[in-house]
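To start, the structure itself, in structure tokens.
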Amino acid sequence: MSALIRRFVVMAMLASGGIVNRAAGGENDGASTWRPAFSPAGGATRVALWPSRGKPLEAEVREFLRIHNEARAAVGVPPLLWDTKVAMHSQKWADHLAAIDHLEHRPAPRLYGENIASMAWRGFTPGDAARLWLRERGGYRAGKTTSDWRTGHYTQMVWRTSTEVGCGIARAIDGTIYVVANYSPAGNMVGRSAY
């Protein structure tokens, strides 16, 4: 069944303006050129595309990080960095969810914190998922975290000790899009404050 799934691999990439690839050891010289840490084809690639929408991965990652980091700045928490290793972990679970066409968290024990979302809308993006999670902000009361499922996505987004993020996206045969975000180190520790 996995051959029927459209897979969108989140590739290592670096761009001027702050997307930092921590896991692959790439460099960002601040110029307008890219120096990818690796290329699956062996050569340099300036941009990777989401096959189903034709939008540059750079724009998707920037939007996803912008939403997270604006939410974090609003509560005085440092920004998240993109991590390719975490993104590859996320992609594997997104592929699994699309294969079974069912939304569920990865079983415990988990290596990373995790947010998941799905939508039967062809244009659903990681940024859209992040905006859904951000809506939970209104229900969160600062203080010690509980196991409240109504705000857990938001608290993971702004968890002070989470410093890196990656995400994966996959589409099931029926068109449902699955987005998985993983955070390192994991947040949502019961009894601790998010920020």
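Observations
- Along its three principal directions, the equivalent ellipsoid of the range 117-182 from the Cα gyration tensor extends over semi-axes of 25, 13, 9 Å, largest first.
- In units of the compact-protein estimate 2.2 N^0.38 Å, the range 60-195 shows a Cα radius of gyration of 0.98.
- At full extension, Ala59 and Ala74 could sit 3.2 nm farther apart than now, given 0.36 nm per residue minus the alpha carbon distance.
No value in this document is a laboratory result; all are computed from the given coordinates. Because the structure is a prediction, the values reported are computed rather than measured.
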